[in-house]
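What follows is one structure encoded as C-alpha cells, with my remarks underneath.
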C-alpha cells in the first residue's frame, strides 16, 4: 500500500504521532518498519484497555510491518531493590516466562502470531556494566527527569524517589536503541517515556523512533482507567456471558468511545449511530447490545455472543435465575456440625476474593441465597441438598451438598 | 596507647568527628582500624593543603592503624561520558598509574610507606553490572542528593546536572563498603560524601564508618582554598628556596593557622606565639621566618631551610641578585637576526607559562633585564653574552648566548 494510504489507516484513533512527517518518510525509505510495544511482565492478563494498542499493532502487521513485543523482564527480575515499593517485588525467571507466555497467547487473539517477534530486554540490559550505565545516565538530566508528572508530584509532596527509579525510564529508552525500533506505541500516559526513547536513540547515533500515543480507556465504572487492580476491566479471555454483561454495565456516555476504540466499525458508522442516539432514534440500551455483541463476537464467536445475549436477557429482563450455572460441591469437612458461615462460603466458591469483599457484598445487599437477600454478616447457613448462591447481578453458583 | 589517649591525639586540628563516641568504641573493640583516604587520580602533585589530611593519617599510623589510599581510578577512566564536563576527560590507565605513582611518592614524604596500602576502586566498581548499580542507587533518594550544596545550587540556577553525576558520590560511598573502612577522612567540603559512605555501608549491612573532617587551608593569596589550578599553592616537592619564599608571602592573618595545621608545634606553643604577636612582642615577619624554616625543614632539611633563608634575605633585604641562579642557553636559531622578543624569551625560559602571563608580568612591572624594569611589551632584545632576567620577586634566570 502507498505510504500516504498507510498513514491514513495508522492515524485512526491515535492521539498523537510524533512526527507524522517522519513516519511517512521512514515508511517511504525503509518499507517495512520495526514496531515496538513494551510489555510489563508483572501482569499477564490482557483486557480491552490493552487491546487498543494491540489493535494498532495489528494494523501495522496488516500493512506489512514487523511487530516486536518487548518483555521488560530485566526490570521485573530486579524489582525494586530497596524493597520500598511493595508493588515492585522481584519476579523469578519462571514467573516471568509464565506471564510472558500467557501474555503472548492472549495477545494473539489480536495479533498475527507469525508477524510477531518477542524479545526480552535482559538480553542487553543484564550485560551492561557500570561504565555502560554511566554513559546511558549521562544522556539525561536530573531536572528533565523531575519534569515527568509522577516524579514531579512526588518531589513536590516530599515523597521519596529512589535514585534507581530514575534509571527505569532510561532502560526502556535504551531498549529502543538495542532493538532498533522505528516506531514505539503506548498509551498517552507513556508519552514521556516514549519521547525519551527518541532522545536516547539519537544520543547513541540511531535514528529516533516515531512515537504514537493511543487513548486510554475508562473501565466499566466509567471513571478510572481500565485496570486489573481496580477491578473495572473486561479481560479478553473472559467467557462470553461475563464479557457481554460487563459491556452492558458501562455508563451510557462511554458507548461510542467503546464503539470507536473496540470495534472494527468505521468512523462514519460510529458517527451515524451517535447522531441517531443524540436525536433519540437509538436507545442507549440497544446501542449497548450491539456493542456487546460485536465485542463478544470478535473475541469468541457470533453464536457465543448470541447465547450470552439470550442468557443476559433472561436474567435481567425476566429476572430469571439461569439454568446453566456452575456447581460447587460442598464437602462435609468444610462445615462444622452441618453449618457454614456465609462469608466463608462466598470465599470458597470464589464469588468473593476475600473475607472483606464478602462482607462488603453482603452489606451492599448484593448476596442472595435462593433468591433471598442475605442481610446478616454472621449468618451460619445449614445447607440442604441444593441451593443457588448469587453475588452481584451476574454471578451465580449452585451449592450442592456432597452426599455422604 | 589507651583508646582515650588516642582520641586526644586524633582530635587535634579536626573540625568534626562523627561520632567521637563511635570512634572510641571502635578502637576499643577492634584495636587496629582501617583508615580511608580517597585520592583523585586526575591530579598527582601534593601541596600543603593536602598535607593536613595526610598528617592526620600519619597520626593514625603512629597509633598502629592501617591507612588505605583509595585511588578513584574507575571514575577517572570513565571521565564524564557525556563530554559535557571538560574537566572530567577520561584518563588512560597509563596516565592514572603514573599519577598514582607520583601521588604515592609525594605522600610518602608524610606517610609511613610500610603502613600504607594502596587500592584502586576499579577493582570492584568495574565488576558491577546493571543490577548491582540499581541496588546501589536504590539506597539513596533524589531529594537528598539534591540537598548537596553544589547540586542544589546548579538545580536552582537551572544548570544541567547529568543523571550520571548523581552516581559519583554513591561510587565513593560504595568504596567504603568494598574496602571495609572504619574511618574516612576528608576536608570539610567532603562532609556530604563522607556521610553518604556511612549510610551506604549501613544499607549493605556493614558497620558505618566514622567520619573525620579536617579544615581547608587558604592558599598563599590568603583568600581562596589552596589549589593547583588557582596557582596559590605550595607543593611538597618544591625546592627549599621556592617553598621558603612562598611561605614568607602569606598574609599575616594566616600565620598562626599555618603554624597550627602545618607544623608539629603543640597547641600551647602556637597559642603562646599568637599571644606574643597580639601584644606586639613578636613581629609578624619574625613569626613567618620561623614558620617558613619549620615547613622547609620538615620537607627538606634544617640545612636546606637555612640556605633558603639566607638566599631569601640576600635578595629581599639587601636587594641583591643571587649568584646561584640557573642558566638558559639561548641558541641562535631561537633568534631572528640576533634579536628575540621579550615575551618569547620569558616563555622559553619558563618564567612565564604563556604569552598572556608574560605580557601581564611586564605590564605589572614585574620583569627586569639586568636589574632594569622592562616596560615595553614589544621590546626586541639583542642579547649579549650573559644577562640576568628576573620575573616577579623570586625567579631569576641567567640568559647565556650560545657561542657560535
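The DSSP beta bridges internal to the protein assembly as shown are antiparallel in roughly 50% of cases.
A Förster radius of 25 Å, combined with the Cβ-Cβ distance separating residue A:20 from residue A:257, puts the computed FRET efficiency at roughly 0.60.
When each of the peptides A:95-101, A:52-58 is scored by the mean number of other C-beta atoms lying within 10 Å of its residues, the order from highest to lowest reads A:52-58, A:95-101.
The C-alpha atoms of chain A define a longest principal axis, and helix A:48-62 lies at about 50 degrees to it.
The stretch between residue B:45 and residue B:363 holds 111.4 nm of extra length on full extension. This uses 0.36 nm per residue minus the Cα-Cα distance. For the rotational copies B and A, the chain B residue with its Cβ nearest the relating axis, together with that separation in Å, is B:133, 3.
Helix B:167-178 and the longest principal axis of the C-alpha atoms of chain B enclose an angle of approximately 70°.
Computed from the Cβ-Cβ distance with R0 of 45 Å, the FRET efficiency linking residue A:336 to residue A:108 stands at 0.45.
Given in Å, the Rg to one decimal and the Dmax to the nearest whole number for the Cα atoms of region B:93-220 are 16.3, 48. Inter-label distance, residue B:371 to residue B:66: 6.2 nm, where each label sits 7 Å from its Cα along the C-beta direction.
For region B:139-197, list log₁₀ I(q)/I(0) at each q in 0.12, 0.15, 0.20 Å⁻¹, using the Debye formula over Cα point scatterers of equal strength and ignoring solvent, two decimals each. One equal scatterer on each Cα of region B:139-197 leads to -0.31, -0.47, -0.78. Label separation (residue B:400 vs residue B:325): 1.5 nm, computed from points 7 Å beyond Cα along the C-beta direction. Straightening the chain between residue A:303 and residue A:5 buys 103.8 nm, computed as 0.36 nm per residue apart minus the Cα-Cα spacing. Among beta bridges identified by DSSP and lying wholly in region A:3-214, the antiparallel ones come to about 15 percent. Take every Cα pair under 8 Å whose residues are at least 6 apart in sequence, average their separation, divide by the length of chain A, and the relative contact order is 13 percent. Shown for residue A:109: label points 7 Å from Cα along the beta-carbon vector, and their distances to the equivalent points in the other copies, 7.8 nm in ascending order. Relative to the other identical copies, residue A:64 shows label-point distances of 8.3 nm, where the label point lies 7 Å from Cα along the Cβ direction and values run shortest first.
So for region B:3-214, considering every pair of alpha-carbon atoms, how many percent are separated by more than 29 Å? Percent of Cα pairs beyond 29 Å in region B:3-214: 25. The convex hull around the C-alpha trace of region B:289-403, projected and averaged over every direction, spans 8.2 square nanometres. In vacuum, with every alpha carbon of region B:1-86 counted as one equal point scatterer, what does the Debye formula give for log10 I(q)/I(0) at q = 0.13, 0.26 Å⁻¹? Two decimals, please. Normalising to I(0) and taking log10 leaves -0.55, -1.36.
Just how far, in whole angstrom, is region B:8-84 from region A:251-315 if you go by their alpha carbon centroids? So the two Cα centres are separated by 74 Å. The distance linking region A:140-201 with region B:151-213 is 26 Å (Cα centroid to Cα centroid, whole angstrom). Taking R0 as 56 Å, what FRET efficiency do you get between residue B:388 and residue B:272 from their Cβ-Cβ distance, rounded to the nearest 0.05? Using R0 = 56 Å, I get an efficiency of 0.85. In region A:240-316, inverting the average of 1/r over every pair of distinct C-alpha atoms gives 12.5 Å as the Kirkwood radius.
Relative to the other identical copies, residue A:8 shows label-point distances of 9.5 nm, where the label point lies 7 Å from Cα along the Cβ direction and values run shortest first.
Every Cα-Cα pair of region B:144-279 was included, and the share exceeding 20 Å stands at 63 percent. Each residue in B:127, B:66 was given a count of other beta-carbon atoms within 10 angstrom of its own, and listing them fewest first yields B:127, B:66.
What is the antiparallel percent of DSSP beta bridges lying wholly in chain B, to the nearest 5? The answer is about 45 percent antiparallel. With one equal scatterer per alpha carbon and no solvent term, the Debye-computed log10 I(q)/I(0) for the protein assembly as shown at 0.05, 0.08 1/Å reads -0.48, -0.88.
With the helix formula -39500 (n - 2.57) applied to DSSP H stretches of n ≥ 4, chain B reaches a computed 222 nm mean residue ellipticity of -13500 deg cm²/dmol. For chain A, a Kirkwood radius taken over Cα pairs fed into Stokes-Einstein (10 °C, viscosity 1.306 mPa s) yields D = 66 µm²/s.
Bear in mind these aren't lab numbers, they're just calculated from the coordinates by the rules spelled out. For clarity, every value in this text was computed on a predicted model and none was experimentally measured. FYI the Cβ positions are ideal-geometry reconstructions off the backbone, even for glycines, and counts take in every protein chain you see.
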